């Protein structure tokens with residue numbers, strides 16, 4: 001535990017145990033397999049159906065941008081109830097979801113979906129807008145505009161990553177009904193940005209590696225078979241990778257919920273001084 005003092009204000013930074021949290025988040029699908037099936041089969045089946053629809057639209061020459069937008073929207077809408085249930089499970093174990101509905105939208109789910117939409121909008125603003133500038137420069141053979149757009153895109157991506165990590169506790173707080181605002185979430189991650197970033201990356205890394213290996217393997221098969229198998233495997237990876245959200249949930253539990261009460265009082269007293 002690292003204690004930092006600034007004048008009369010004292011802040012306690014709880015150092016996150018990166019590898020134990022990553023290990024627990026990756027093992028959760030096996031420990032809670034019944035809950036994974038219970039809360040995951042509806043969004044999994046629905047997103048697979050949407051994927052088949054998008055595949056049919058692509059065969060009818062509908063733009064890939066339109067189908068990708070449809071898939072992304074469907075993913076957020078369909079997997080939000082699962083994300084809320086799985087986050088509650090990670091933080092408070094089985095008793096927290098004993099009476100939780102399989103698939104429903106209440107105030108919690110809508111707020112969680114709104115937070116996801118705002119994160120996506122921030123990504124589009126910070127990274128998508130400069131990307132349009134890059135494409136404009138490339139189409140007009142203007143290297144200066146293209147380079148300017150690339151620099152802005154890298155800067156925007158850096159800002160987004162930092163903001164996403166610092167605000168990662170927004171989602172667990174919403175899921176368990178303890179959301180106290182963006183400012184509170186920002187302060188709760190102070191001093192742990194590197195460890196929290198490592199948890200987010202390592203919890204998702206195995207699924208990314210599997211996806212890359214699958215893409216490499218399927219490159220040697222005919223296009224029709226590739227698309228069919230890719231759709232099924234991608235949906236499976238999405239379902240599994242979604243469980244990686246247990247990483248920030250467990251980190252939130254370690255920092256916010258498991259913090260001794262005397263340390264909470266120390267922060268409160270220090271903030272008033």
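General observations
- Gain on full extension, evaluated as 0.36 nm per residue between residue 155 and residue 55 minus their Cα-Cα distance, stands at 32.6 nm.
- Simple spin-label estimate for residue 208 and residue 76 gives 2.2 nm between the two label positions (7 Å along the Cα-to-Cβ direction from each Cα).
- Linear extension gain, residue 106 paired with residue 141, 0.36 nm per residue minus alpha-carbon span: 7.6 nm
- Three-way shape label, segment 43-132, alpha-carbon gyration tensor, a/c 1.5: oblate
- Estimated FRET transfer efficiency (residue 98, residue 182; beta-carbon r; R0 30 Å; 0.05): 0.45
- Taking other Cβ atoms within 10 Å as a rough exposure proxy, 187, 23, 88, 253 sort from fewest to most as 23, 187, 253, 88.
- If you wrap the tightest convex hull around every Cα atom of segment 97-139 and split its volume per residue, you get 91 Å³.
- Diffusion constant of segment 16-259 at 25 °C, which comes from Stokes-Einstein with the Kirkwood Cα-pair radius and 0.890 mPa s, µm²/s: 125 µm²/s
- The mean sequence separation of alpha-carbon pairs under 8 Å and at least six residues apart, normalised by the residue count of segment 16-259, gives a relative contact order of 30 percent.
Read-outs throughout are calculated quantities, based only on the coordinates presented, and are distinct from any laboratory measurement. Just so we're clear, the structure is a prediction, and the values are computed from it rather than from any experiment. Please note: Cβ atoms are built from the backbone with ideal geometry, for glycine as well, and neighbour counts cover all protein chains shown.
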